[in-house]
Ligand code: HEC
């Protein structure tokens with residue numbers, strides 16, 4: 001008898017669990033709200049993904065967004081991906097040499113007034129990586145290790 005009652009209760013609970021999610025008791029029907037009708041949903045402008053920036057990096061080109069970015073993007077992504085630029089590290093002189101090499105062998109045009117802008121950008125954002133050991137610790141409180 002008690003077992004039978006328990007089984008019925010269980011059935012009702014299960015049935016409710018199945019049916020309840022498909023029933024909406026609270027939210028008003030959209031049609032009942034005239035102010036909602038005809039409101040255009042703002043569509044994302046075409047090409048917006050092209051401009052996506054994540055963690056300061058322009059996703060499409062792979063280049064860091066900083067001073068000179070637009071110039072570099074315009075001058076340095078015509079023949080190859082900006083990612084080829086971004087995966088390199090060099091000093092300003094090193095970058096100048098790479099540009100000269102491309103001008104001499106790959107048909108890169110003279111950069112004119114853009115060259116210093118580009119070199120500044122590259123040396124600042126894609127300078128040689130810090131290597132070697134970390135900097136010395138400062139303001140450390142030393143203590144005597146007591147061994148007994
Ligand atoms: C006229 C076409 C052209 C333009 C514009 C151009 N490059 Fe290149 N670049 C090349 C070619 C071709 C290569 C060789 C690609 C390869 O090895 O597959 C190259 C290679 C590179 C490399 C790789 C070098 C290496 O040693 O691996 C870097 C870095 C680079 N370019 C940076 C730049 C920068 C910075 C600019 C903008 C100032 C730029 N490129 C603009 C044609 C160009």
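Here, each number is a calculation from the coordinates, and none is a lab measurement. Computed from a predicted structure; not experimentally measured. All Cβ positions, even for glycine, are placed from backbone atoms using ideal geometry, and neighbour counts span all protein chains on display.
Observations, loosely collected:
- In the range 96-114, the residues that are surrounded by 13 or more Cβ atoms within 10 Å (Cβ to Cβ), within 8 Å of the ligand (Cβ to nearest atom) and over 21 Å from residue 67 (Cα atoms): 102, 108
- The set of residues in the range 117-136 that are surrounded by 10 or more Cβ atoms within 10 Å (Cβ to Cβ) and farther than 15 Å from residue 66 by Cβ contains only 128.
- Hey, residue 83 assigned to a helix (DSSP H, G or I), touching a helix residue (DSSP H, G or I) at 6+ places or on another chain (Cβ under 9 Å), more than 6 Å from the ligand (Cβ to nearest atom) and within 22 Å of residue 129 (Cα to Cα) or not: no
- Residue 99 being closer than 23 Å to residue 84 by Cα, without any contact (Cβ under 8 Å) to a residue 60 or more places away in the chain and either in a loop (DSSP other than H, G, I, E, B) or touching a helix residue (DSSP H, G or I) at 6+ places or on another chain (Cβ under 6 Å) (or both): no
- Filter result for residue 119 (over 21 Å from the mean Cα position of the chain (by Cα) and part of a loop (DSSP other than H, G, I, E, B)): no
- Leading residue by the ranking (farthest from residue 65 (Cα to Cα)) among those in the range 86-95 that are in a loop (DSSP other than H, G, I, E, B) and more than 9 Å from the ligand (Cβ to nearest atom): 91
- Of all residues in the range 75-96, those satisfying the criterion of being closer than 21 Å to residue 50 by Cβ and in contact (Cβ under 8 Å) with a residue 40 or more places away in the chain are 75, 76, 85, 86.
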